[in-house]
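What follows is a single structure, written as structure tokens, with notes after it.
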Amino acid sequence: MKNLLIISSVLLISGCATKNANNQYQSTYSYHSYLDNYTNNTISNYNLEENNPREYQLNNTHVSNLTHKIEQTAKSHLGKPYVWGANGPYSFDCSGFTKAVYSQFGMEIPRVSKEQAKYGQIVPWQQLQKGDLIFFDSKKSSKVSHVGIYLGEGSFIHASSSKHRVVISNLTSSYYSKHFKWGRRLTQENVYASR
């Protein structure tokens, strides 16, 4: 049995093991998904380290559970004060809030909104799903200056400088619909994370 495990490991590492129609290795000792589709600027390993992908692939159930947990974690901070530059746990600015929430699930994203806006799969307004990061510009600039987490049905949660706290807002309001830039999806089927 020990020899069989060693041979299976050598075949996987050397790339000699064959894959089935689902792009999975046929070895009963393999728990690795094949990484043909990994690309830059996609958080497909949750920690932005291209050369160290996590081992397990999320399926639809895992994605649904993850987005629900993200929502619940984000809502647990409702009412906490907005403080520019704050990272939590007692106060946040907008990007400090999203970074803190996503880091609870092993997703290490950049600290500021303009950098967070570069990671994950880009998503237009019409295709937003619960758990997507959503980005906005402002009256002063067309550059990304604000970020929140989409909750579905037109609502999102964010640390609001105008409300001075973490709140849920409506994406279809006149201000946010005018200043919406795009969404980014970090929770998708080709995202790798431990289960």
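The values are calculated or read from the model by the stated rules, or taken from the named source; none is laboratory data. This structure is a prediction, so every number in the text was calculated from the model and none was measured. Here the Cβ positions follow ideal geometry from the backbone for every residue, glycine too, while neighbour counts run over all protein chains shown.
Could you figure out which of (1) assigned to a helix (DSSP H, G or I); (2) in contact with a strand residue (DSSP E or B) (Cβ under 9 Å, 6 or more places away or on another chain) isn't true of GLU115?
Going through (1) assigned to a helix (DSSP H, G or I); (2) in contact with a strand residue (DSSP E or B) (Cβ under 9 Å, 6 or more places away or on another chain) one by one, GLU115 breaks only (2).
Could you list, in sequence order, the residues of the range 112-129 that are closer than 21 Å to THR73 by Cα and without any contact (Cβ under 8 Å) to a residue 24 or more places away in the chain?
Across the range 112-129, the qualifying residue is only VAL112.
Let's see how each residue does on (1) at positive phi; (2) touching a strand residue (DSSP E or B) at 6+ places or on another chain (Cβ under 6 Å); (3) outside any strand (DSSP E or B); (4) touching a residue at least 24 places away in the same chain (Cβ under 8 Å):
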| position | (1), (2), (3), (4) |
| --- | --- |
| VAL101 | no, no, yes, yes |
| MET107 | no, no, yes, yes |
| GLY131 | yes, no, yes, yes |
| SER142 | no, no, yes, no |
| SER162 | no, no, yes, no |
| THR187 | no, no, yes, yes |
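For (1) more than 15 Å from HIS77 (Cα to Cα); (2) loosely packed, with under 14 Cβ neighbours inside 10 Å; (3) under 14 Å from the mean Cα position of the chain (by Cα), each residue gets a yes or a no:
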{"position": "SER103", "(1), (2), (3)": "no, no, yes"}
{"position": "ILE109", "(1), (2), (3)": "yes, no, yes"}
{"position": "HIS158", "(1), (2), (3)": "no, no, no"}
{"position": "ILE168", "(1), (2), (3)": "no, no, no"}
{"position": "GLY183", "(1), (2), (3)": "yes, no, yes"}
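Being under 21 Å from THR67 (Cα atoms) and of a type in the set (Val, Ile, Thr) is the requirement here; does VAL112 meet it?
Answer is no for this residue.
I'd like to verify a number: residues in the range 136-150 that are out of contact with any Phe, Trp or Tyr (no Cβ under 7 Å at 6 or more places or on another chain) and surrounded by 23 or more Cβ atoms within 10 Å (Cβ to Cβ), how many?
0
When the residues of the range 69-98 are filtered to those that are under 20 Å from SER162 (Cα atoms) and of a type in the set (Lys, Arg), which remaining residue is surrounded by the most Cβ atoms within 10 Å (Cβ to Cβ)?
LYS80
Where the second residue is among the hydroxyl-bearing types (Ser, Thr, Tyr) and surrounded by 17 or more Cβ atoms within 10 Å (Cβ to Cβ) and the first is free of Cβ contacts under 8 Å to residues at least 24 places away in the same chain and closer than 9 Å to ALA159 by Cβ and lies in the range 76-88, which pairs have Cβ atoms under 9 Å and are six or more apart or on separate chains?
VAL83/SER91
Taking GLN116 as the residue in question, decide whether it is polar (S, T, N, Q), touching a Pro at 6+ places or on another chain (Cβ under 6 Å) and either surrounded by 14 or more Cβ atoms within 10 Å (Cβ to Cβ) or not assigned by TED's automatic domain parsing to the domain that holds GLN72 (or both).
Answer is yes for this residue.
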